[in-house]
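A quick write-up on the structure given underneath.
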Amino acid sequence: MSQSLRLGVAGLGTVGAAVVRMVARQAESLGASTGRTIRVTAISSRDRSRDRGFDMTGITWFDDPVALASSADIDCVVELIGGAEGPARETVEAAITAGHHVVTANKALLARHGAALAKAAEAKGVALAYEASVAGGIPVIKSLREGLAGNRVSRLYGIMNGTCNYILTRMEREGLTFDACLKDAQALGYAEADPTFDVEGFDTAHKLAILTSLAFGVEIDSEAVSVEGISAIQPLDLRMAEELGYRIKLLGVAQVAAGGIEQRVHPTMVPKSSSIAQVMGVTNAVTIDADAVGELTLIGPGAGGEATASAVVADIADIAAGAKRPTFGKPAQTLPSSPRVAMQRHEGGYYIRLTVHDRPGVAAGVATRMAERDISIESILQRRSESAAMTDPHGRSGQPVPLVLITYAATEGTIRAALDAIAADGLLAEAPQLIRIERE
């Protein structure tokens with residue numbers, strides 16, 4: 001058997017500790033499949049005293065992860081610190097400079113600095129592997145870069161954040177508010193104390209930017225992603241989706257568009273009969289539309305120590321076996337930048353919830369502003385509040401009530417312009433809710 005692959009693991013949180021345990025547990029199998037012994041020889045973390053469920057005998061401890069990454073006594077650095085800057089970035093850069101392979105689960109780092117890191121790694125002749133950075137234990141990186149190498153991808157989309165999917169699932173099933181579900185998610189450890197990165201869509205945007213580079217052969221550009229989160233979703237929106245035959249999911253979508261690649265993250269109404277609509281709780285799913293295989297959907301655990309460690313160890317095994325491909329499928333120096341394009345004409349139409357003053361002529365005023373911009377309305381549904389009906393069952397109460405519009409295909413720009421005009425007319429009691437509809 002060839003010389004051992006010596007691993008230095010930087011970051012011993014839930015995933016890092018699981019990686020160390022998994023490498024030890026699967027040592028015999030990994031050696032047999034790769035032809036090389038794989039062992040952890042160095043580790044680094046902020047707290048040396050914690051019991052992480054593995055024996056540290058014979059493993060060198062580093063207080064400084066950058067020193068670990070620079071050590072001549074390791075061959076591959078596993079970066080599980082997290083964050084786009086600071087120790088995580090410094091550790092990966094030091095490892096590449098030292099000529100060490102790198103395995104990381106750090107989507108923020110890749111989304112921000114992936115292009116530069118890929119060029120540096122390829123120039124040094126080392127691997128930069130990152131299967132665990134998107135969708136946890138789902139092998140979507142390998143599927144795009146290797147399994148679908150003979151395909152031309154036209155679109156990919158998916159549920160890439162378990163926190164958001166958990167919150168939307170609870171809101172739908174139990175009629176709870178966003179705030180109540182978020183509080184439960186934090187108590188269960190699904191959401192951070194500051195949940196902004198997850199619930200406002202930035203985590204999904206980073207993952208989408210990585211997949212876009214792989215799928216379409218362009219340089220990674222996280223700033224090109226249009227991002228909306230789920231914090232404005234209300235129980236009424238989920239009830240209306242149910243009535244219309246849809247579920248609301250936070251999707252990341254990338255597709256070929258006129259002039260470039262359209263990248264967007266936003267709440268979306270998907271048909272309840274679709275495979276993506278069946279993905280509930282913290283589970284992730286990614287659908288890839290390609291010319292040879294058609295539609296391929298990958299579903300599985302998007303987070304968790306063991307699931308994410310599984311993806312990390314798969315990358316380690318590839319490196320041990322000598323399998324090394326360009327970081328983003330093609331040599332990083334050859335990847336073109338993709339022009340940033342605005343959201344295109346949305347063929348599925350839009351769900352628009354307006355909170356309007358309950359008085360005569362409001363619905364007509366809304367319809368007029370839509371017609372002025374050639375937006376065709378499929379249906380209008382008005383829900384009067386119970387209190388309004390009780391106080392004024394035959395007339396108009398003047399109180400704020402929801403007015404729901406379903407449109408046919410329209411451009412994002414025309415929809416926004418119409419909503420601005422409606423607001424300028426003084427018809428709205430609060431900001432409108434806009435959700436795109438994906439039809440089968």
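Quick rundown of the values:
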| item | result |
| --- | --- |
| Potential lengthening between Gln278 and Arg46 on full extension [0.36 nm per residue; Cα-Cα distance subtracted] | 79.5 nm |
| Backbone HN-Hα couplings from phi across the range 135-147 [Karplus 6.51/-1.76/1.60, Hz, Gly and Pro as x] | 6, x, x, 7, x, 7, 5, 5, 4, 6, 7, 10, x |
| Global form of the range 1-146, assessed from the alpha-carbon gyration tensor, a/c cut-off 1.5 | rounded |
| Rounded if a/c under 1.5, otherwise prolate or oblate - the range 146-301, Cα gyration tensor axes | prolate |
| For the range 323-363: rounded, prolate or oblate by the Cα gyration tensor [a/c cutoff 1.5] | prolate |
| Alpha-carbon centroids, the range 306-378 and the range 123-166: separation in whole Å | 16 Å |
| Mean shadow area of the range 7-89, taken as a quarter of the surface of its Cα convex hull (nm²) | 5.6 nm² |
| Candidates per GluC sites (Glu not before Pro) in the range 73-116, loop by DSSP, up to 14 other Cβ within 10 Å | Glu85 |
| Karplus (6.51, -1.76, 1.60) ³J(HN,Hα), θ = phi - 60°, over the range 419-424, in Hz, Gly and Pro reported as x | 5, 4, 5, 5, 5, 5 |
| Given charges at beta-carbon only (K, R positive; D, E negative), |dipole| of the chain in Debye | 580 debye |
| The chain - share of DSSP beta bridges that are antiparallel (%, nearest 5) | 65 percent |
| Pairwise FRET efficiency - Gln344 versus Ile59, Cβ, R0 = 60 Å, nearest 0.05 | 0.70 |
| Cut-off under 5 Å, modelled amide H: who pairs with Thr411 long-range | His346 |
| Angle in degrees between helix 162-174 and the longest Cα principal axis of the chain, rounded to the nearest 10 | 40 degrees |
| Rounded D (µm²/s) - the chain, Kirkwood Rh over Cα pairs, Stokes-Einstein at 37 °C, 0.692 mPa s | 140 µm²/s |
| Whole-number percent relative contact order across the chain, with pairs defined as alpha carbons under 8 Å at least 6 apart | 16 percent |
| Inter-part distance where the range 203-226 and the range 69-119 are each reduced to a Cα centre, Å | 19 Å |
| Net dipole in debye of the range 2-133 [+1 Lys, Arg Cβ; -1 Asp, Glu Cβ; about Cα centre; nearest 20] | 220 debye |
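None of the figures in this text is laboratory data; all of them are computed from the coordinates on show. Owing to the predicted nature of the structure, the values given are computational and were not obtained by experimental measurement. Positions of Cβ are generated from backbone atoms using ideal geometry, with glycine treated the same way; all protein chains shown enter the neighbour counts.
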